[in-house]
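J.: Before I ask anything, let me first share the structure, which is written out below as structure tokens.
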Amino acid sequence: MDNKGLSLKGSLLLLLLLVSNLLHCKSVASLPICPSGAVNCQVSLRDLFDRAVILSHYIHNLSAEMFNEFDKRYAQGRGFITKTINSCHTSSLSTPEDKEQAQQINHEDLLNLVLRVLRSWNDPLYHLVTEVRGMQEAPDAILSRAIEIEEQNKQLLEGMEKIVGQVHPGVKENEVYSVWSGLPSLQMADEDTRLFAFYNLLHCLRRDSHKIDNYLKLLKCRIIYNSNC
């Protein structure tokens with residue numbers, strides 16, 4: 001084969017590798033931890049953490065995009081941002097505000113805190129999807145992200161339960177979480193009140209997803225790499 005043929009073959013192989021990597025990255029967030037119907041599926045702790053970190057970062061990006069879209073469409077000139085201080089339903093959970101504070105918490109407590117925050121979002125995410133569907137001319141940019149976040153939050157919670165099961169086998173963690181009572185506000189007839197309820201919920205989701213993303217990166221560094229990262 002001449003040099004031109006070798007060059008073409010090499011280019012095709014490189015293209016195939018690039019396409020394969022792109023498809024893998026695109027689908028990794030939606031893959032289940034174990035194949036459907038698998039019994040006693042074993043996944044390494046490193047793989048579980050890799051997947052959890054990817055998922056948490058994906059969820060945070062979607063949350064930020066959804067909040068920005070809602071802010072642009074519905075919140076301009078309403079002064080909502082000044083009302084959101086300490087108004088998240090998860091404020092009852094004592095969560096470190098930054099990396100320095102998180103580093104002061106032992107990994108067992110931090111793992112359990114991640115579980116509690118994720119469980120605290122199961123109910124509001126379900127109702128967020130339902131209520132956004134009912135909005136007049138609900139933009140797909142918001143609805144599609146809400147649906148995706150609800151699904152991926154369930155996947156992340158499942159993965160975190162498996163991580164805790166491997167890090168602390170045999171220890172049953174109490175299913176403690178912060179109860180959300182904001183559904184009536186999402187259904188208010190007064191438009192300003194209703195839109196603020198949506199705005200506040202999306203603001204809190206963005207905040208909490210960012211915290212979870214940071215906590216998981218710290219936990220992965222501690223547990224998988226013995227803090228050498």
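J.: When only DSSP loop residues count, what GluC sites (Glu not before Pro) in the stretch 67-161 have their Cβ near at most 15 other Cβ atoms within 10 Å?
T.: Passing sites in the stretch 67-161 are E97, E137.
J.: Could you work out how far apart the two model spin labels at R73 and S87 are, taking each label as a point 7 Å from the Cα in the direction of the beta carbon, and quote it in nm?
T.: For R73 paired with S87, the spin-label model returns 2.0 nm.
J.: Could you compute how fast the stretch 80-188 diffuses translationally, taking Rh as the Kirkwood radius over C-alpha pairs and applying Stokes-Einstein at 10 °C with viscosity 1.306 mPa s? Give it in µm² per second.
T.: 100
J.: Once each part is reduced to its C-alpha centroid, what is the distance from the stretch 126-163 to the stretch 41-99 in angstrom?
T.: Rounded to whole Å, the Cα centres lie 12 Å apart.
J.: Pairs K83/K220; K83/K211; K154/K211; K162/K220: which are spaced more than 23 Å apart, C-alpha to C-alpha? Please list the in-between numbers first.
T.: On the way: K83/K220 35 Å; K83/K211 21 Å; K154/K211 17 Å; K162/K220 14 Å.
The answer is K83/K220.
J.: What ranking of H107, H60 comes out by heavy-atom accessible area, probe 1.4 Å, highest first? Can you show the working numbers first?
T.: Numbers: H107 70, H60 30 Å².
Heavy-atom accessible area, descending, gives H107, H60.
The values are calculated or read from the model by the stated rules, or taken from the named source; none is laboratory data. Since the model is a prediction, treat every value here as computed from it, not as a measurement. Cβ: placed from backbone, ideal geometry, glycine included. Neighbour counts: every protein chain shown. Note: areas computed on protein heavy atoms with side chains; ligands, DNA, RNA excluded. Shrake-Rupley method; radii C 1.70, N 1.55, O 1.52, S 1.80 Å.
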